[in-house]
1. Which of the chymotrypsin sites (Phe, Trp or Tyr not before Pro) across the range 1-109 are loop residues per DSSP, with 14 or fewer other Cβ within 10 Å?
2. Taking the Cα centre of the range 23-84 as origin, work out the dipole magnitude from +1 charges on Lys and Arg Cβ and -1 charges on Asp and Glu Cβ, in debye rounded to 20.
3. FRET efficiency for residue 66 and residue 142, Cβ-Cβ distance as r, R0 = 30 Å, nearest 0.05?
4. Can you give the helix-only mean residue ellipticity at 222 nm for the chain, where every DSSP H stretch with n ≥ 4 adds -39500 (n - 2.57) and the sum goes over all residues, rounded to the nearest 500 deg cm²/dmol?
5. Ranked by accessible surface with a 1.4 Å probe, highest first, in what order do 4, 111, 11, 119 come?
6. For semi-axes √(5λ) of the Cα gyration tensor in Å, several values are listed as (1) 28, 20, 13; (2) 35, 19, 14; (3) 24, 20, 13; flag the one computed from this structure.
7. Any idea of the accessible area per residue across the range 4-163, 1.4 Å probe, to the nearest Å²?
8. What does the accessible area of residue 109 come to, in Å² to the nearest 10, when a probe of 1.4 Å is used?
Amino acid sequence: MQLINAIPPVIDTEQYDAWKKQWASQEGLDIHSYINDQCHPEQMLLFSTLFFPTFVVSQGGVFLERNFSVETFARCLSLASHDMAEAERLLNYVKLYDVFGQYGDGVSHSIFLQLCEVIGFAWRMVLKEKFPDKLFSVEVSNSDENYGPVVTFYQVKCEKRER
């Protein structure tokens, strides 16, 4: 038997760990037990939109619907000197701390980093599924200048190889 993880094991989970400690017998308790006891299906469905977002296609560019407006697109395209890939990178930029607003306080930075990696992984899959003829770069980064973990994506031009 071989165990293959789709994502690395989740670590540094304060709420889950506190929930698990409340039980006298912790045998058989796992993340799925926590989901069963603490998570509402509607929340799970709403969270899935972070991992599998809606896209807008405009002038050959692919953009997150949540970030897109005609005005923002025009501004990003201008800032990018009409380089569509750079406009995509700018417009698809998501700062994870901003996604959770007031609920980010007191949450381990490690949780945000892990979540950012998982979102990046999901975006790679969904972009391949929805745009099989396009090649994308999904970037996950973490720096003080970016205000913590961020994820973005943009199209990569394929060079045709000569035979």
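The values are calculated or read from the model by the stated rules, or taken from the named source; none is laboratory data. Here the structure is a predicted model, which is why all the values come from computation and not from measurement. Note: ideal-geometry Cβ built from the backbone for every residue, glycine included; neighbour counts use all protein chains shown. SASA here: full protein model, heavy atoms, side chains in, ligands and nucleic acids out. Shrake-Rupley method; radii C 1.70, N 1.55, O 1.52, S 1.80 Å.
1. Values: sites: 16, 19, 23, 34, 47, 51, 55, 63, 68, 73, 93, 97, 100, 103; in loops: 23, 68, 93.
Filter output for the range 1-109: 23.
2. Working: 2 positive and 7 negative charges, 70 e Å.
It comes to approximately 340 debye.
3. Values: r = 21 Å, r/R0 = 0.70.
So the FRET efficiency works out to roughly 0.90.
4. Working: 7 runs with 72 residues, N = 163.
Value at 222 nm, helices only, nearest 500: -13000 deg cm²/dmol.
5. Working: 4 130, 111 45, 11 95, 119 5 Å².
Ranking 4, 111, 11, 119 by accessible area, largest first, yields 4, 11, 111, 119.
6. It is the value labelled (2).
7. Values: 11150 Å² over 160 residues.
Using a 1.4 Å probe on heavy atoms only, each residue of the range 4-163 averages 70 Å².
8. 70
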